[in-house]
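The structure appears below as structure tokens.
Since every read-out is calculated from the coordinates, none of them should be taken as a lab result. None of the values given here were measured: they were computed from a predicted structure. Positions of Cβ are generated from backbone atoms using ideal geometry, with glycine treated the same way; all protein chains shown enter the neighbour counts.
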């Protein structure tokens, strides 16, 4: 079943036909590589659709649901029913759009005929459970159905990428989640010392151990590094000597030194560097304790000062202007325009905006992003959407982005702001939805 969401007129549907069946590249997510390798099927509908999705957890908290039914001790169906009971209150929230696409694509349900609510929770559970038990709903199955050809789940530097075969016809590589290494704790240093077989007492020792881990990840096909620069991060251009003892280093200066190290390594290896900017993670101590660090309760903070971003990019730019491909993911919409303009401030299009991220991956956020890209950058240069998700069902967010893009472009054509030349429009859509990322990652 195919949803008609956002495809309300003939021109939008025509443009959508240019990208509807393009392959899907998801270069940043939080899926499990072992689960992909095994094509693991979740045990029940709650595990597939709810307990792995902090977006839903956040909506439930906003609606006053007790944490017992979100991340607490309630059983799977009780949590599922509590989520369904909240759903009718979410009009205008992107979760409604995502659910419509998920239900249509994977469960052949039209939410106009089968509304999600507390009364229908058991019936919906039964439909989803039957589909799970019927086969073809493993993690890799879901990605294949979405058209996935490349996916890069995050892994920490101290984690070992799994060996063994990956799903046929799909490139599954680890994305190195490097920000915990900016301010290493003692457990990280001990693990790195064990993995490298050498002491890690100085900054130089630490870089050598990290470089060893980069070689391990590269051997498993890694070509993406992700670093989160949370609210409050400030870049320090002052160099920290390799001979300095880690135990005596100022932590903020060390973080900037290791960020420079990673940026230079990405440049020299030809990797894509994702900088996720501006998350306000230290909110509720209670929720952090009961739900864990990824519990969906982070907010939007002030982003990195553009001066800091530029100083960092200058420090890792080679003499010939070479940089890694750097994508700046701004969580605060107020930061997006200044960061988009940087796409014209460095050579060969090596710096650009990341996808509308986290609190921005909805119709309004993506449409604003497209408008800003058109006005302050070049829309056709956009690297493409990614899910940043822990749920395989979230691959429909690529389809959601494609629908939004075609709706946006169709509106511009009707208003006379864009030419009606189908070759021009098709080229733009294919670049943004697939080719720009494929040229760098595949």
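Just need the relative contact order of the chain here, percent rounded to a whole number, with Cα pairs under 8 Å and 6+ apart.
20
Please give the peptides 248-260, 117-129 ranked by average Cβ packing (other Cβ atoms within 10 Å per residue), highest first, as a rough proxy for protection.
248-260, 117-129
Put a dot 7 Å past each Cα toward the Cβ at residue 170 and residue 378; how far apart are the dots in nm?
Modelled inter-label distance: 3.3 nm.
Which angle between 0 and 90 degrees, to the nearest 10, do you get for helix 121-133 versus the longest principal axis of the chain when only C-alpha atoms count?
Once rounded, one gets 70 degrees.
Which residues in region 314-333 place their backbone N less than 13 Å from a point set 7 Å from the Cα of residue 347 along the Cα-to-Cβ direction?
Residues 317-324 qualify, since their backbone N sits under 13 Å from the label point.
Please give the residues of region 119-155, grouped as numeric ranges, whose backbone N is less than 11 Å from a label point set 7 Å along the Cα-to-Cβ vector of residue 294.
Those under the cut-off are 153-155.
Compare the peptides 104-112, 413-421, 81-89 by average per-residue count of other Cβ atoms within 10 angstrom and give them in order, highest first. Show your work: numbers first, answer last.
Working: 104-112: 16.9, 413-421: 11.9, 81-89: 19.8.
So the peptides 104-112, 413-421, 81-89, ranked by packing, come out 81-89, 104-112, 413-421.
How much mean residue ellipticity at 222 nm does the chain get from its helices, if each DSSP H run of length 4 or more adds -39500 (n - 2.57) and you divide by all residues, to the nearest 500 deg cm²/dmol?
Details: 18 runs with 193 residues, N = 442.
The helix-only estimate for the chain comes to -13000 deg cm²/dmol at 222 nm.
Find how much the distance from residue 268 to residue 113 grows on full extension, using 0.36 nm per residue of separation minus their present alpha carbon separation; answer in nm with one decimal.
50.4 nm
Please work out whether region 43-137 counts as rounded, prolate or oblate from its C-alpha gyration tensor, where a ≥ b ≥ c are the square roots of the eigenvalues and a/c under 1.5 means rounded, while otherwise a/b larger than b/c means prolate and anything else oblate?
In terms of gyration-tensor shape, oblate.
Relative to the longest principal Cα axis of the chain, at what angle does helix 94-107 sit, 0 to 90 degrees, rounded to 10?
70
To test your reading of the geometry: what angle, between 0 and 90 degrees and rounded to tens, separates the Cα axis of helix 76-86 from the longest principal axis of the chain?
Helix 76-86 and the main axis of the chain meet at about 70 degrees.
What's the center-to-center distance, using Cα atoms, between region 163-179 and region 204-228 in Å?
Taking the Cα centre of region 204-228 as reference, the centre of region 163-179 is 14 Å away.
From the square roots a ≥ b ≥ c of the eigenvalues of the alpha-carbon gyration tensor of region 130-271, which class results: rounded (a/c under 1.5), prolate (a/b over b/c), or oblate?
Since a/c reaches 1.5 and a/b is larger than b/c, the shape of region 130-271 is classed as prolate.
What relative contact order, as a whole-number percentage, does region 43-137 give when Cα pairs under 8 Å and 6 or more residues apart are counted?
Relative contact order for region 43-137 comes out at 30 percent.
So I have (i) 116, 54, 42; (ii) 67, 56, 41; (iii) 76, 59, 37, and one of them is Cα extents along the principal axes in Å calculated from this model. Which one is it?
(ii)
Points 7 angstrom from Cα along the Cβ direction at residue 10 and residue 334: gap in nanometres?
Modelled inter-label distance: 4.6 nm.
Take the Cβ-Cβ distance between residue 130 and residue 305 as r, set R0 to 45 Å, and report the resulting FRET efficiency rounded to the nearest 0.05.
0.30
Taking a virtual spin label 7 Å from the Cα of residue 364 along the C-beta vector, which residues in region 49-80 bring their backbone nitrogen under 20 Å of it?
55-64
If I model a spin label at residue 421 and residue 248 as a point 7 Å from the Cα along the Cα→Cβ vector, what separation in nanometres do I get?
In this crude spin-label approximation the distance works out to 6.4 nm.
Roughly speaking, what is the centre-to-centre gap between region 60-80 and region 374-405 when only Cα atoms are used, to the nearest Å?
What the calculation gives is 30 Å, centre to centre.
Restricting to Cα pairs below 8 Å that are 6+ residues apart, what does the relative contact order work out to for region 212-367? Please round to a whole percent.
24
Quote the FRET efficiency, to the nearest 0.05, computed for residue 314 versus residue 283 with a Förster distance R0 of 30 Å and r equal to the Cβ-Cβ distance.
Details: r = 33 Å, r/R0 = 1.11.
With a Förster radius of 30 Å, E is 0.35.
Classify region 226-273 as rounded, prolate or oblate from the Cα gyration tensor: take a ≥ b ≥ c as the square roots of its eigenvalues, call it rounded if a/c is under 1.5, otherwise prolate when a/b beats b/c and oblate if not.
Oblate.
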